[in-house]
Structures are given as structure tokens and as C-alpha cells.
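> Here it is, the structure, as C-alpha cells.
FYI, it's all coordinate maths here, none of it is from the lab. The shown structure was predicted, so the numbers you read here are calculated from the model rather than taken from an experiment. We place every Cβ from the backbone using ideal geometry, glycine too, and count neighbours over all the protein chains shown.
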Amino acid sequence: MLIIKDISLQMSQMSQEEISIIILTNKIASGISIFSCIFILLIHWFFKEIRSFVLSMIMWLCLSNIIYCLSAYIPYNNIREDNLTWCAIQAFTILTFQYSSWILACIIGYCCFISVIKTNHLEKNQNIYRFCFLFFTLIVSLGLASM
């Protein structure tokens, strides 16, 4: 609670123009990230011959990042009190999908390591790994976001 009050105090010391520049910069960076992730998803969709387990995990990472970046476009204005619902939705979305992106990035690193050490291990067991990794990512990211 102390952190939120400190951030609110810092935001109140900023001018409205500075706040709008920060919001615009965030929306521009989020838009670039969304288009980049969509490009990766299109590559995964159209080029079936290069699909692998690691590339499918990157696809899930891109989906997580798209939802995370879309949260920048959720309307929120800290002046009005009726925006508390939108604020809660935005906070939950940011936390959940940011954590899932971090977890998926670690899992992709682990998968790359395993694919170098053990030949064709991931391809043989990809359904088990896919279910375990995505279930683990969902449970842990939702658990961390609810804290």
C-alpha cells in the first residue's frame, strides 16, 4: 500500500502534459510490440515446415505478450472514481501476462538447453511438455498476480 501511495504522490507532482507523454509512449511501444508478435504468429501459421516445439512455445509467448500489450489501451483515468473497475482489470492483466511472459521465457531457455543436450527429446514428448509447461505457466502466473 505504501508503494501505491508513493507512486500516486509522484504522479501528482507531474504535470498533465508529462503524464500524457508517458501514456502516449507506452501506447506506441505496445503497438510496435503487438505488430511484431502478430508477425511471429503469422510466420508460425503460414510456414508449417519450420514448426517445432520451441517455436510453438514462442507462439504462446507472443500470445501472452499481445494480451499484456493490449492492457496499455484499457481506458483509465486516475481523476474519476468510476474507473476503479478498469484499473483493477488493467492491473490484473498486466501482472498475469507479464509473469506468464517471464515464465515462458525461462521455459523456452530450458527447452533450448534440453534440445542441445538430448537429440529429439522434446519432439518425442512434446504433448506432455506442452501441457505441463502451459499449465505450470497459467497456475504460477495467476498465483503471483493474486498476491
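> In square nanometres, what is the average projected area of the Cα convex hull of the range 26-113? Working shown, then result.
On the way: hull surface 25.0 nm².
The orientation-averaged projected area of the Cα hull of the range 26-113 comes to 6.3 nm².
> Within the range 106-147, report the trypsin sites (Lys or Arg not before Pro) that DSSP leaves as loop and that have at most 15 other Cβ atoms within 10 Å. The partial results should precede the final answer.
Working: sites: K118, K124, R130; in loops: K118.
Counting only loop positions with at most 15 other Cβ atoms within 10 Å, the trypsin sites (Lys or Arg not before Pro) in the range 106-147 are K118.
> Where in the chain are the DSSP H helices whose C-alpha atoms run 27 Å or more along the long axis and whose mean Kyte hydropathy is at least 0.0? It would help to have the intermediate numbers written out before the result.
Working: long enough: 16-46 (45 Å, 1.38); 84-117 (49 Å, 1.61); 126-145 (28 Å, 1.46).
Qualifying helices: 16-46, 84-117, 126-145.
> Also: With a sphere of radius 13 Å drawn around the Cβ of M57, what net charge do the other residues whose Cβ falls strictly inside it have (Lys, Arg +1; Asp, Glu -1)?
Working: positive: R51, R130; negative: E123.
Combined, the nearby Lys, Arg, Asp and Glu give +1.
> Just going by the charge dipole of the chain, with Lys and Arg at +1 and Asp and Glu at -1 on Cβ, which of L84, G109, I74 is farthest out on the positive end?
G109
> Set Lys and Arg Cβ to +1 and Asp and Glu Cβ to -1, take the dipole of the chain about its Cα centre, and tell me which of C132, A145, I32 lies farthest positive.
C132
> So how strong a dipole does the chain carry about its Cα centre when Lys and Arg Cβ are +1 and Asp and Glu Cβ are -1, to the nearest 20 debye?
Numbers: 8 positive and 7 negative charges, 124 e Å.
Computed about the Cα centre, the dipole is about 600 debye.
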